[in-house]
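Please read the structure below before turning to the comments.
Derivation of every value follows stated rules applied to the coordinates shown; laboratory data play no part. From a predicted model like this one, the values you see are computed outputs, not experimental measurements. Using ideal geometry, Cβ is built from the backbone for each residue, glycine included, and neighbour counts are taken over all protein chains shown.
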Amino acid sequence: MTKIKLTGVKHQGKCEISTNQCIAKEHGNLTAVFNCENGSQINVCEPCLKANLIEKTWELDSY
Ligand SMILES: [Zn+2]
């Protein structure tokens with residue numbers, strides 16, 4: 001499980017996760033999350049973010 005933090009930053013573009021539920025495979029509304037393990041930023045759409053949290057691929061880091 002990868003610990004992530006929501007940055008609250010929203011923008012437009014291509015989702016970097018692309019699950020089956022993805023709404024931004026080419027272009028769409030994205031939110032930026034911070035990968036606490038390698039310090040990178042991931043641009044992900046809302047359904048993919050939820051899917052990763054539900055599947056426990058990602059875990060929200062508590063402050
Ligand atoms: Zn997506």
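Can you check what the net charge comes to around residue 2, using other residues whose Cβ is under 10 Å from the Cβ of residue 2 (Lys, Arg +1; Asp, Glu -1)? Each step should come with its number before you reach the end.
Working: positive: 3, 56; negative: 37, 59, 61.
That works out to -1.
What's the FRET efficiency of residue 41 with residue 20 using the Cβ-Cβ distance as r and R₀ = 30 Å, to the nearest 0.05? Write down the numbers at each step before the final one.
Numbers: r = 23 Å, r/R0 = 0.78.
The pair residue 41/residue 20 has a calculated efficiency of 0.80.
Pairs of alpha-carbon atoms within less than 8 angstrom and 6+ residues apart define the contacts here; what relative contact order does the chain have, in percent? The partial results should precede the final answer.
On the way: 128 pairs, mean separation 24.8, N = 63.
Relative contact order comes out at 39 percent.
Suppose every K and R has +1 on its Cβ and every D and E has -1 on its Cβ; what is the size of the dipole of the chain about the Cα centre, in Debye to the nearest 20?
On the way: 7 positive and 7 negative charges, 20 e Å.
That gives the chain a dipole magnitude of about 100 debye.
How large is Rg over Rh for region 2-60, taking Rg from the Cα atoms and Rh as the Kirkwood inverse mean of 1/r across Cα pairs? Please list the in-between numbers first.
Details: Rg = 10.4 Å, Rh = 11.1 Å.
Taking Rg over the Kirkwood Rh, I get 0.93.
Per residue of the chain, what 222 nm ellipticity follows from adding -39500 (n - 2.57) for every DSSP H run with n ≥ 4, rounded to the nearest 500? Don't jump to the answer; show the numbers that get you there.
Details: 1 runs with 9 residues, N = 63.
-4000 deg cm²/dmol, from helical runs alone.
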